[in-house]
Amino acid sequence: MPEQSYEPEGAIAGTGMGGAMDLGASEAVALGQRPPAGPGGGVPAGPEGAGPAGRPRSLWSDAWRDLRRNPVFLVSALVILFLFVVSLWPSAIAPGSPLRCDLSKAQEGARPGHPFGFDGQGCDVYTRTVHGARTSVTVGVCATLGVSLFGSALGGLAGYFGGVWDAVLSRLTDVFFAIPVVLGGLVLLSVVTSNTVWPVIGFMVLLGWPQISRIARGSVIAVKQNDYVQAARALGASDSRILLRHITPNAVAPVIVVATIALGTYIALEATLSYLGVGLRPPSVSWGIDISAASPYVRNAPHALLWPSGALAVTVLAFIMLGDAVRDALDPKLR
């Protein structure tokens, strides 16, 4: 193949589209050279912040990289992991029964084998605190999943289709926002006779979906204006395919952030309702029940109140810190 010549001051290179562009001498020479191979003779590595061959990393990979370097995320994740292990196997670290009580030991302090002392009924505070984690984690996780799925589905559909559906859902959301959560719990749960966690979870889903729904609606409205969504629609993609393949992966980040923070809020709400006597009731084991039972004799046995209150505070704080770390990692404006 004959060697191509170029002008010293500027060279003309074909663009492949029927035109030409001016290039400097060094740039024209570089066109005929292959890029150097990467380590091991593979694909050349891209610049910092990009993957192989210069492909940019995704939002999720960047977020995971930032989270691994965030000490707030690491500490909160370790605390939450410990809570999940305790809730799954409470007998591994507290082998006794939380319902076994001895009135002769009522309000006694710590002793060997009972590091947290005893409450007003002579129950071991350590055992009840450990077993109470299962109730709190179960309520928080199930309520968050229910609220996220239900609220995201309604808000996403309203934001995507708009029109009458969007108007009706917006007014319905305003109605539910006007209901005080604690007052609604006192009214709705006071007539429930079941002593399981499911009425409490159902109540939280009933009054918690509007917040997630409004966030999902706004996120979907912002994403559906992007060019790739318009291109998919022009190529004849169905609404279900556009929602599942193009809009949902790019609109779910704000929902994840709010849901992570809300999980701690739902745990605190369950304790509040149990404290008021309309959530879980004895013989169920809950931090809210123990806090309520220990409040009348806080001067004589403060340990019975401090340990379940401390466990509740640490749990809620861990989830809030985790949500803040996830929000910082997923927000492109903070990069």
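The values are calculated or read from the model by the stated rules, or taken from the named source; none is laboratory data. Everything numeric here is computed off the predicted structure, so don't read it as measured data. Because the Cβ atoms are built from the backbone with ideal geometry, glycine has one as well, and the counts that use them run over all protein chains shown. Please note that ligands, DNA and RNA were not included when accessible areas were found on the heavy atoms of the full protein model with its side chains. Shrake-Rupley method; radii C 1.70, N 1.55, O 1.52, S 1.80 Å.
Here's the yes/no breakdown for (1) touching a helix residue (DSSP H, G or I) at 6+ places or on another chain (Cβ under 7 Å); (2) modelled with pLDDT under 95; (3) under 18 Å from T265 (Cβ atoms); (4) open to solvent by less than 60 Å² (accessible area, probe 1.4 Å):
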| position | (1), (2), (3), (4) |
| --- | --- |
| V139 | yes, yes, yes, yes |
| G156 | yes, yes, no, yes |
| A178 | no, yes, no, no |
| S190 | no, yes, no, no |
| T193 | no, yes, no, no |
| W198 | no, yes, no, no |
| G202 | no, yes, yes, yes |
| S213 | yes, yes, yes, yes |
| S219 | yes, yes, no, yes |
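Look at I261 and say whether it is assigned to a helix (DSSP H, G or I) and within 16 Å of the chain's Cα centre (by Cα). Considered against the rule, which asks whether it is assigned to a helix (DSSP H, G or I) and within 16 Å of the chain's Cα centre (by Cα), I261 comes out as yes.
Mind checking whether some residue in region 161-170 is under 28 Å from P282 (Cα atoms), part of a helix (DSSP H, G or I) and open to solvent by 70 Å² or more (accessible area, probe 1.4 Å)? Looking through region 161-170, none of the residues is under 28 Å from P282 (Cα atoms), part of a helix (DSSP H, G or I) and open to solvent by 70 Å² or more (accessible area, probe 1.4 Å).
Filtering region 259-269 to residues that are surrounded by 22 or more Cβ atoms within 10 Å (Cβ to Cβ) and among the hydrophobic types (A, V, I, L, M, F, W, C) leaves A259, A262, L263, I267, L269. Of everything in region 89-117 that is without any contact (Cβ under 8 Å) to a residue 40 or more places away in the chain and outside any loop (DSSP other than H, G, I, E, B), the residue that is most open to solvent (accessible area, probe 1.4 Å) is L103.
Per-residue answers, yes or no, for (1) touching a residue at least 24 places away in the same chain (Cβ under 8 Å); (2) part of a helix (DSSP H, G or I); (3) open to solvent by 10 Å² or more (accessible area, probe 1.4 Å):
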position: A237; (1), (2), (3): no, no, yes
position: S240; (1), (2), (3): no, yes, yes
position: L243; (1), (2), (3): yes, yes, yes
position: I247; (1), (2), (3): yes, yes, no
position: V257; (1), (2), (3): yes, yes, yes
position: A271; (1), (2), (3): yes, yes, no
position: R281; (1), (2), (3): yes, no, yes
position: S292; (1), (2), (3): no, yes, yes
position: P296; (1), (2), (3): yes, yes, yes
